[in-house]
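Report on one structure; see the data block that follows.
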Amino acid sequence: GAFDRYWVGTNRGVAAVDRSFQTWTPYRQPFGDSVRAVAMWHDSLLIATESGLAIGESAGFRPV
């Protein structure tokens with residue numbers, strides 16, 4: 001969990017889930033086809049895919 005949400009990596013991107021499991025917000029293909037890892041780094045959310053890394057921002061994810 002990070003930023004008051006759980007983050008779930010899938011083969012279609014990543015989904016943010018609130019702590020009560022009521023609201024699911026999908027982010028499709030942030031960078032690449034499938035999410036390999038989700039990690040926190042210096043107050044940032046990183047998504048690792050087969051194409052590289054993406055960092056979470058307010059509007060979505062951007063490649064690093």
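Nothing in this text is a laboratory measurement; each read-out follows from the coordinates by a stated rule. Please read all numbers here as calculations on a predicted model, not as lab measurements. Note: ideal-geometry Cβ built from the backbone for every residue, glycine included; neighbour counts use all protein chains shown.
Report the residue count in region 17-37 for those that are out of contact with any Asp or Glu (no Cβ under 9 Å at 6 or more places or on another chain) and over 11 Å from residue 61 (Cβ atoms). Step through it out loud before you land on a result.
Of all residues in region 17-37, those out of contact with any Asp or Glu (no Cβ under 9 Å at 6 or more places or on another chain) come to 17, 20-23, 26-31, 35, 37.
Adding the requirement that they be over 11 Å from residue 61 (Cβ atoms) leaves 17, 20-23, 26, 37.
Residues meeting the conditions: 7.
Could you count how many residues in region 41-64 are farther than 9 Å from residue 31 by Cα and of a type outside the set (Asp, Glu)?
Total satisfying the criteria: 11.
Name the pairs whose Cβ atoms lie under 7 Å apart, with the first residue in region 45-64 and among the aromatic types (Phe, Trp, Tyr), the second assigned to a strand (DSSP E or B), and 6 or more positions between them or separate chains?
Here the result reads 61/27; 61/47; 61/54; 61/55, each pair linking region 45-64 to a residue that is assigned to a strand (DSSP E or B).
Quick one: what pairs do we get from region 28-41, first residue basic (Lys, Arg), second assigned to a loop (DSSP other than H, G, I, E, B), C-beta under 9 Å, 6+ apart or different chains?
Going by the 9 Å Cβ cut-off, the qualifying pairs are 28/12; 36/50.
Could you please find all residues in region 24-56 being charged (D, E, K, R) and either on the phi > 0 side of the Ramachandran plot or more than 10 Å from the chain's Cα centre (by Cα) (or both)?
Selection gives 33, 36, 43, 50.
Considering 9, 32, which residue is surrounded by 13 or more Cβ atoms within 10 Å (Cβ to Cβ) and not in a strand (DSSP E or B)?
32
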